[in-house]
Amino acid sequence: MKEEYVNKILAAELEDSFLQRKQMELDSLLEVTNAINRNASERDLFQIYGFILKAQMQIDNLIIFYCKEGAWDKVHSVGNIDDEQTSTSSILPSWYDEKKVRFFEPSNDMLPKGFQVLLPVFHKERPLAFVLLSELKVEMGEELESKVTFIKTITNIIIVAIENKRLFRKQLRQLQLGKEMELAKKMQTMLIPQKLPDDKTINLSAIYMPHFNIGGDYYDVLPIGEHKLLSCIADVSGKGISAALLMANFQALLRVLGKESKTLSELVEKINENVVEITKGDRFITFFVAMYNRQTRNLTYVNAGHPPPILFDGSQITKLSYGSTIIGAFDKLPKIEVKSLNIPKNSLLIMYTDGLTELTNQRGVFFDEVLLEDFILSKSFVNSHKFNEALLSKLIKFKQNRPFTDDITILSWKFN
């Protein structure tokens, strides 16, 4: 009878202990859930996790390695930890093969000293975290498998919650960046001429295709006095918002200095000085600028390191290559050569950026200057609008399924 009575007491105590552990686990899960719902910080979530494992699971030491933006970081630790032995360099490539909880002997080569358990957290084939634990202590009546299951559950909840917070922040940043890019695109579109000269003496047409919605290409046409047109095409080194901002500065410079400068050489010198002051030599601009006199049919130009515009006068092709070096690379330009030529009637002038001749098709063939010149010869009889329509159709057909990989800007002139 006495032995039976003792067994009943032990059974009752074990059941009570079991119920207490389950209640503790439920309370822990509730605490974590409430913390996630109130949008607790990553630091707070890791601290809650560390407290639960140390105080309630009797785990003396733990480390959490978490992957942020492709880089590993030791985000939390509990216990007596040797920082030198438990840096991110202690993460072994062989851990990536461990998709389940694995136990090791006290002395092993897989984990730092004092750790015996590796708990990986994966999303599909991508590791999100590795948790290192010291020995798992099991109380009387407690099952190791049940304890491991709870630790895995709460670890996954914490890591996935933190990963979701990170992805949400990333999504917000991308949304904000998208709004900023859209605004920048609208602002840049305002800088591009909305109407080009089109009358009995001359007609112009443009193709403007920034690669990332905003780009570093720019063109402009400004009336100077009664008979003159100042025109340019330019390409800033680099891409994105920074290139677009420099191009906005460049446009402002051109519009102010273009009316103040007495000669093209003076204009190019002043623009170079201002660009160097703005960029400190970190960026450069290829730049072609021309002044055309409708009355005399004289075209004066300077080419500052830009792909030479192509002029077809009805009988021969001329590349407008004279000028200077790129803008923004030197405090003072080594030399500036101004070239003048007379433009016969029915001539065609094509100004473009290097995105055009660097376009490739699926076989890796470039739409180079030879192909461009052949196309100019075949379409020299049409006006600038029809020429650009045909050229754009040609480029789309040429590249086939390959995307446009750079900004492309084309400014076509038809001299009547």
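I'd like the full set of residues that are under 17 Å from SER393 (Cβ atoms) and of a type in the set (Val, Ile, Thr), limited to segment 330-376.
Hits for segment 330-376 are ILE350, ILE376.
From the list PHE312, PHE284, exactly one residue is over 18 Å from ASP407 (Cβ atoms) and touching a residue at least 24 places away in the same chain (Cβ under 8 Å). Which is it?
Values: PHE284 fails: over 18 Å from ASP407 (Cβ atoms).
None of the other options fit; the residue is PHE312.
From the set of residues in segment 156-197 that are of a type in the set (S, T, N, Q) and modelled with pLDDT of 85 or more, which is nearest to PHE130 (Cα to Cα)?
Taking segment 156-197 as the starting set, the residues that turn out to be of a type in the set (S, T, N, Q) are 156, 164, 171, 174, 176, 188-189, 194.
Still in the list and also modelled with pLDDT of 85 or more: 156, 164.
Details: ASN156: 11, ASN164: 17 Å.
Step by step, filter segment 156-197, then rank; the result is ASN156.
Only one of LEU136, LEU111, LEU128 is at pLDDT 85 or above, of a type in the set (A, V, I, L, M) and either touching a His at 6+ places or on another chain (Cβ under 9 Å) or assigned to a strand (DSSP E or B) (or both). Can you tell me which? Before you say what the answer is, go through the steps one by one.
Details: LEU136 fails: either touching a His at 6+ places or on another chain (Cβ under 9 Å) or assigned to a strand (DSSP E or B) (or both); LEU111 fails: either touching a His at 6+ places or on another chain (Cβ under 9 Å) or assigned to a strand (DSSP E or B) (or both).
Of the residues listed, the single one that is at pLDDT 85 or above, of a type in the set (A, V, I, L, M) and either touching a His at 6+ places or on another chain (Cβ under 9 Å) or assigned to a strand (DSSP E or B) (or both) is LEU128.
Can you tell me which residue in segment 220-244 is surrounded by the most Cβ atoms within 10 Å (Cβ to Cβ), limited to those that are polar (S, T, N, Q) and over 30 Å from ASN203 (Cβ atoms)? Lay out the reasoning, then the answer.
Narrowing segment 220-244 to residues polar (S, T, N, Q): 231, 237, 242.
Still in the running and over 30 Å from ASN203 (Cβ atoms): 237, 242.
Numbers: SER237: 16, SER242: 14.
This residue is SER237.
Testing ILE410 on (1) part of a helix (DSSP H, G or I); (2) surrounded by 19 or more Cβ atoms within 10 Å (Cβ to Cβ); (3) aliphatic (A, V, I, L, M), one condition comes back false. Which one is that?
Of (1) part of a helix (DSSP H, G or I); (2) surrounded by 19 or more Cβ atoms within 10 Å (Cβ to Cβ); (3) aliphatic (A, V, I, L, M), only one is false for ILE410: (1).
Can you name every residue in segment 37-56 that is of a type in the set (A, V, I, L, M), touching a Leu at 6+ places or on another chain (Cβ under 8 Å) and surrounded by fewer than 19 Cβ atoms within 10 Å (Cβ to Cβ)? So that I can check it myself, show each step before the final result.
At the first step, the residues of segment 37-56 found to be of a type in the set (A, V, I, L, M) are 40, 45, 48, 52-53, 55.
Next, only the ones that are touching a Leu at 6+ places or on another chain (Cβ under 8 Å) stay: 53.
None - no residue of segment 37-56 is of a type in the set (A, V, I, L, M), touching a Leu at 6+ places or on another chain (Cβ under 8 Å) and surrounded by fewer than 19 Cβ atoms within 10 Å (Cβ to Cβ), so the list stays empty.
Restrict the check to segment 160-171 and report whether at least one residue is in contact with a His (Cβ under 9 Å, 6 or more places away or on another chain), touching a residue at least 12 places away in the same chain (Cβ under 8 Å) and either in the same structural domain as GLN47 (by TED's automatic domain parsing) or closer than 30 Å to LEU349 by Cα (or both).
Quick first cut of segment 160-171, residues in contact with a His (Cβ under 9 Å, 6 or more places away or on another chain) only: 160, 163.
Still in the running and touching a residue at least 12 places away in the same chain (Cβ under 8 Å): 160, 163.
Those still in the list that are either in the same structural domain as GLN47 (by TED's automatic domain parsing) or closer than 30 Å to LEU349 by Cα (or both) too: 160, 163.
Yes, segment 160-171 contains at least one residue that is in contact with a His (Cβ under 9 Å, 6 or more places away or on another chain), touching a residue at least 12 places away in the same chain (Cβ under 8 Å) and either in the same structural domain as GLN47 (by TED's automatic domain parsing) or closer than 30 Å to LEU349 by Cα (or both).
Conditions tested, residue by residue: (1) among the charged types (D, E, K, R); (2) on the phi > 0 side of the Ramachandran plot; (3) at pLDDT below 90.
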| residue | (1), (2), (3) |
| --- | --- |
| ARG43 | yes, no, yes |
| GLY50 | no, no, yes |
| LEU53 | no, no, yes |
| PHE65 | no, no, no |
| VAL101 | no, no, no |
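Kindly list, by first and then second residue, each pair from a residue in segment 82-96 that is in the same structural domain as LEU132 (by TED's automatic domain parsing) to a residue that is assigned to a loop (DSSP other than H, G, I, E, B) and surrounded by 13 or more Cβ atoms within 10 Å (Cβ to Cβ), limited to pairs with Cβ atoms under 6 Å and residues at least 6 apart or on different chains.
Once the first residue is in the same structural domain as LEU132 (by TED's automatic domain parsing) and sits in segment 82-96, its partners that are assigned to a loop (DSSP other than H, G, I, E, B) and surrounded by 13 or more Cβ atoms within 10 Å (Cβ to Cβ) give GLN85/PRO112; THR86/PRO112; SER90/PRO112.
Quick one: is LYS54 in contact (Cβ under 8 Å) with a residue 12 or more places away in the chain, out of contact with any helix residue (DSSP H, G or I) (no Cβ under 7 Å at 6 or more places or on another chain), in the same structural domain as SER134 (by TED's automatic domain parsing) and not polar (S, T, N, Q)?
On the way: in contact (Cβ under 8 Å) with a residue 12 or more places away in the chain: yes; out of contact with any helix residue (DSSP H, G or I) (no Cβ under 7 Å at 6 or more places or on another chain): yes; in the same structural domain as SER134 (by TED's automatic domain parsing): yes; not polar (S, T, N, Q): yes.
It is true that LYS54 is in contact (Cβ under 8 Å) with a residue 12 or more places away in the chain, out of contact with any helix residue (DSSP H, G or I) (no Cβ under 7 Å at 6 or more places or on another chain), in the same structural domain as SER134 (by TED's automatic domain parsing) and not polar (S, T, N, Q).
Assess whether GLN251 counts as being assigned by TED's automatic domain parsing to the domain that holds LEU371, over 27 Å from GLU373 (Cα atoms) and buried (at least 17 other Cβ atoms within 10 Å of the Cβ).
Numbers: assigned by TED's automatic domain parsing to the domain that holds LEU371: yes; over 27 Å from GLU373 (Cα atoms): yes; buried (at least 17 other Cβ atoms within 10 Å of the Cβ): yes.
It is true that GLN251 is assigned by TED's automatic domain parsing to the domain that holds LEU371, over 27 Å from GLU373 (Cα atoms) and buried (at least 17 other Cβ atoms within 10 Å of the Cβ).
Counting only residues that are part of a strand (DSSP E or B) and of a type in the set (Lys, Arg), how many does segment 199-250 have? Steps first, please.
Going residue by residue through segment 199-250, those that are part of a strand (DSSP E or B) are 202-209, 212, 214, 217-224, 228-236.
Cutting the leftovers down to of a type in the set (Lys, Arg) gives us 228.
Result for segment 199-250: 1.
Which residue is farthest from LYS54 (Cα to Cα), if the candidates are limited to segment 97-147 and must be out of contact with any helix residue (DSSP H, G or I) (no Cβ under 6 Å at 6 or more places or on another chain) and of a type in the set (Gly, Ala, Ser)?
Among those residues, the one meeting the criterion is SER107.
List pairs: first residue in segment 387-408 and basic (Lys, Arg), second residue assigned to a helix (DSSP H, G or I) anywhere in the structure, Cβ distance under 7 angstrom, at least six positions apart or on different chains.
LYS394/PHE375
Sort out which residues of segment 255-277 are touching a Phe, Trp or Tyr at 6+ places or on another chain (Cβ under 9 Å) and surrounded by fewer than 23 Cβ atoms within 10 Å (Cβ to Cβ), and write them in order of number.
The first filter runs over segment 255-277 and keeps only residues touching a Phe, Trp or Tyr at 6+ places or on another chain (Cβ under 9 Å), leaving 264, 268, 271-272, 274-276.
Correct list: LEU264, ASN274, VAL276.
Among (1) out of contact with any helix residue (DSSP H, G or I) (no Cβ under 7 Å at 6 or more places or on another chain); (2) closer than 28 Å to GLU358 by Cβ, there is one condition LEU230 misses while meeting the rest; what is its number?
With respect to (1) out of contact with any helix residue (DSSP H, G or I) (no Cβ under 7 Å at 6 or more places or on another chain); (2) closer than 28 Å to GLU358 by Cβ, LEU230 is out only on (1).
Is one or more of the residues making up segment 242-255 modelled with pLDDT of 90 or more and under 15 Å from GLY305 (Cβ atoms)?
For segment 242-255, residues modelled with pLDDT of 90 or more and under 15 Å from GLY305 (Cβ atoms): absent.
The values are calculated or read from the model by the stated rules, or taken from the named source; none is laboratory data. Bear in mind the structure is a predicted one, so any value in this text is a computation, not a measurement. Because the Cβ atoms are built from the backbone with ideal geometry, glycine has one as well, and the counts that use them run over all protein chains shown.
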